[in-house]
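Student: Would you mind keeping the following structure in view while I ask a few things?
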Amino acid sequence: MESKNIQNEAGNYKDVSNKFKNALDVLPEKYFNRKGVLSLIKKLKEKNPAAAMAYTMDAFGWMSGMKETTVNEAAPKMKVEKWHTELNQATQSILKAERMLKLEQPGTHGRAKKSFLKTIKALQSLKSDTRR
């Protein structure tokens, strides 16, 4: 069918169900593309898929010849410096030493627990200060 036959003179689409129109209104942004609308048409089993797509294009301002493009820009990756790796390894070593002390000598660990926390916090602070 041509799009002129699908649409009546008042601009209403008779073949498109209200269920589809309502579902299209609440369709999440990430599915609001040609593929997502086609899957919605299939899911709701529209009688006239061409009319449903024409309604979507007309109601939401899509042009029939226009191709949709999505821009996928990734955030730039930060360069990992060798000393960042060393700071991460130092933090892991301190955590490992704390766990070993906790298992072998729980009493000593209880007394030194605050010192371990201060050391880890200092290393984390150093890492965040050097990344600025």
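Student: Using 1/(1 + (r/R0)^6) with R0 = 25 angstrom and r between the beta carbons of residue 30 and residue 50, what's the FRET efficiency to the nearest 0.05? Mind dumping the intermediate values first?
Tutor: Numbers: r = 24 Å, r/R0 = 0.98.
My answer for the efficiency is 0.55.
Student: Once the Cβ-Cβ distance between residue 39 and residue 84 is put in as r, and R0 is 41 Å, what FRET efficiency do you end up with, to the nearest 0.05?
Tutor: On the way: r = 44 Å, r/R0 = 1.06.
Once the sixth-power term is evaluated, E becomes 0.40.
Student: Enumerate the amide H contacts of residue 13 below 5 Å, restricted to partners 5 or more residues apart or on another chain; note that Pro and chain-start residues carry no placed amide H.
Tutor: none
Student: Hand me the tally of lysine pairs in segment 82-130: alpha carbons under 17 angstrom apart, and the pair either on different chains or 8 or more positions apart.
Tutor: The result is 10.
Student: Now, a different point. Quick one: of 19/45; 30/79; 19/42, which pairs are farther than 20 Å apart, Cα to Cα?
Tutor: With Cα atoms farther than 20 Å apart: 30/79.
Student: In nanometres, what is the gap between the two model label sites at residue 58 and residue 19, each 7 Å from Cα along Cα-to-Cβ?
Tutor: About 2.2 nm, to one decimal.
Student: Tell me, what is the FRET efficiency for residue 115 and residue 92 to the nearest 0.05, using R0 = 25 angstrom and their Cβ-Cβ distance as r?
Tutor: 0.90
We did not get these values from a lab; they are worked out from the coordinates using the rules stated. What you see is a predicted model, and the numbers here were worked out from it, not measured in a lab. Reconstructed Cβ throughout: ideal geometry from the backbone, glycine too, with neighbour counts over all protein chains shown.
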